Amino acid sequence: MRTPFVAGNWKMFTSADTARKLAAAIVAGLGNEMRVRVAVAPPFPYLALVGGVLQGSLVGLAGQNLYPEKEGAFTGEVSPTMLLDVGCRYVILGHSERRHKLDESDSFINRKVKAGLAAGLRVIFCVGETLEQREANHTEAILERQISQGLIDVSTSTDLPERLVIAYEPVWAIGTGHNATPDQAQQAHEFIRSRLAELFGQATAAQLVLQYGGSVKPDNAASLVKQPDVDGALVGGASLNADQFLAIVRAAVA
Ligand code: PEP
């Protein structure tokens, strides 16, 4: 019922040359596979370049961030319409690196989510607890807070599942090589879906795609994505290698 979705977050990696080659290898490897949706999020300077390589393919282009204003004196920032203009279909918002390294608050992320959705971008909204929060048994309270505050004034609509994706990314699993176990991921996803049902209604929540992110690799992807509430993956490190990324994509449709 839900089409799996695998997205690659290239973070602040690649050069023009490696970005072009990586995108071309992913396009070639994906071919006409339509049982899974795929997107890549290159750094801003390479969006147009990578967008050109993706043209006519089934791989979508994603921004890694946006600033929640249409235009203005915001030096160094990028607006939702600029992302659309350069060919982005998606944007990643609320990533833990922006929450924790750049101090983004729930309310600022909420402004970004609303701006992205209003502009017509498909928003990949990330949530997840730190290790300390998990060890203190606060995981659900943190997810509850991030979801309820990050999605304030996002109203339910029949096309919401096309426009909003939630990525559960436990901070302790990102870039560490320690992924959540399939059970831990399923538990968190089930909780997130129950919260989404309270916000948007049962029918909409059942259709929303929930990605797991945090050290997803070819050898653990299948066990994670076969959990009933895990509908794909947001991939960091392994998305910088076309073979590894494509193996994760294949695991999502197996
Ligand atoms: C990420 O950046 O969203 C991520 C999950 O990174 P990694 O796969 O490297 O843990």
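The values are calculated or read from the model by the stated rules, or taken from the named source; none is laboratory data. Note that the structure is a prediction, hence the values are computed from the model and not measured. Note that we place each Cβ from the backbone using ideal geometry, even for glycine, and neighbour counts take in every protein chain shown. Heavy atoms of the whole protein, side chains included, go into the accessibility calculation; ligands, DNA and RNA do not. Shrake-Rupley method; radii C 1.70, N 1.55, O 1.52, S 1.80 Å.
Rolling a 1.4 Å probe over the protein heavy atoms of segment 78-203, with every protein chain left in place, gives an accessible area that is 50 percent carbon and sulfur. Quickly work out the residue 33-to-residue 254 label distance, labels modelled 7 Å from Cα along the C-beta direction, and quote it in nm with one decimal. For the pair residue 254/residue 33, the computed spacing is 1.1 nm. Per-residue accessible area (protein heavy atoms, 1.4 Å probe) orders 21, 11, 112, 217 as 21, 217, 11, 112, starting from the largest.
So what is the relative contact order for segment 102-254, in percent, with contacts set as C-alpha pairs under 8 Å and at least six apart? For segment 102-254, the relative contact order is 21 percent. Pairs from the list 112/217; 70/112; 21/101; 21/226; 114/217; 11/217 with a Cα-Cα gap above 23 Å: 112/217; 21/101; 21/226; 114/217.
When the residues 194, 79 are ordered by accessible surface, computed with a 1.4 Å probe over the protein chains alone, the sequence from largest down reads 194, 79.
With protein chains left intact and a 1.4 Å probe, residues in the chain average 44 Å² of accessible area per residue.
For the chain, a Gaussian network of Cα nodes joined below 10 Å ranks 31, 150, 87 by mean-square fluctuation, and the top entry is 31. For segment 46-99, the set of chymotrypsin sites (Phe, Trp or Tyr not before Pro) satisfying both a DSSP loop assignment and a count of at most 11 other C-beta atoms within 10 Å is given as 74. In the context of the full protein assembly, residue 97 retains an accessible surface of approximately 50 Å², using a probe radius of 1.4 Å and ignoring ligands and nucleic acids. Extension gain, residue 156 to residue 197, is 13.7 nm, computed as 0.36 nm per intervening residue step minus the present C-alpha separation.
Ranked from largest to smallest solvent-accessible area, with a 1.4 Å probe on the protein heavy atoms, 138, 178, 189 come out as 178, 138, 189.
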